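Have a look at the structure below before the remarks.
Every number in this text was worked out from the coordinates using simple rules, so none of it is lab data. Given the structure is predicted, the values throughout are model-derived calculations rather than measurements.
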Amino acid sequence: MTKSKKNHRSRNEEFLSQPHSFFYRLISSQRFLAIIGLVFLVIVIFPLARAYNQRRLVEREITDVKKQISDFENQNQELKELVEYLQSDQALEEQARLNLNLKKPGEEVIIIENKGAGVATVDSSVDESIGNLIKWWRYFFN
């Protein structure tokens, strides 16, 4: 029995003392293990980064859609209120006063003319007859 243990030890010692193959030295080197670790990390991190990016995009789209839903609900409420107003007698009377010159008995109608609007249209027609070069000259130097 002691003889078999002795043979076993001598085989280990022989193996350790012999020059090892290139493959064994490559696997046992720390650089190789570091490179294998980095490759493994890259293989794991890229899919995780893609999944995170896609999740972020989906969450952004969800918040945008929720905002649009909220805006549409507000717009829908405003349109409902407008429909209710337009169906009321008050809106009907207002439109009759503006478009059909409705006047109830006992009321006096006063018409106010805006004289400033006529002057503005005259000035705009004068500006249209002046060339662009003169307009730019006046813009920068007057």
Gain on full stretching of the segment that runs from Gln75 to Ile62 - 0.36 nm per residue minus C-alpha separation: 2.7 nm
Long-range HN-HN contacts of Leu102 with modeled amide H, under 5 Å: Arg97
